[in-house]
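Colleague: Can you keep this structure in mind? I'll have questions shortly.
Each reported figure results from applying straightforward, stated rules to the coordinates on display, with no laboratory input. Model, not experiment: these values are computed from the prediction.
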Amino acid sequence: MSIHRTDCPNIKSDLADEERLIEVSWDFEKKASYNAEIQVRAADRPGLLAEIALKINDADIGLVSLNARTNKDKSVLITMILEIHDKEQLNDLMKKVRKIGNVFDVYRVTA
């Protein structure tokens, strides 16, 4: 079974065979969540990771995994997988993390 949006080009060819189509709906009362991977590039300093973790906690976002590597030049690359509800929640968190001292960049990792 595949679910397509009504404006999906693949569904247009199936419109002639309406027996194959069923209507679906979503329960919007329950907030769905999904994983999003972000990376933070910063100059390493004591307390940096704690400040980032506090921002994640304050945003009520789940932290699924975290990996931090400090390079020879004292820069750090932090990769996190977060459990978010929507893009707005993720964008708000990334804006807050960018404002933390010593943070150079925050971006979403896409495949």
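Colleague: Kindly flag which residue pairs out of LYS55/LYS95; LYS31/LYS99; LYS31/LYS87; LYS72/LYS96 have an alpha-carbon separation exceeding 18 Å in this structure.
Modeller: From the list (LYS55/LYS95; LYS31/LYS99; LYS31/LYS87; LYS72/LYS96), the Cα-Cα distance tops 18 Å for LYS31/LYS99; LYS72/LYS96.
Colleague: Using the Kirkwood formula over every pair of different C-alpha atoms, what hydrodynamic radius in Å results for segment 32-108?
Modeller: Evaluated on segment 32-108, it is 12.4 Å.
Colleague: Okay, moving on. Rounded to whole Hz and in sequence order, give me ³J(HN,Hα) for segment 47-61 from the Karplus expression 6.51 cos²θ - 1.76 cosθ + 1.60, θ = phi - 60°, writing x for Gly and Pro.
Modeller: Rounded to whole hertz, the list is x, 4, 5, 5, 5, 5, 4, 5, 4, 5, 5, 4, 7, 6, 10.
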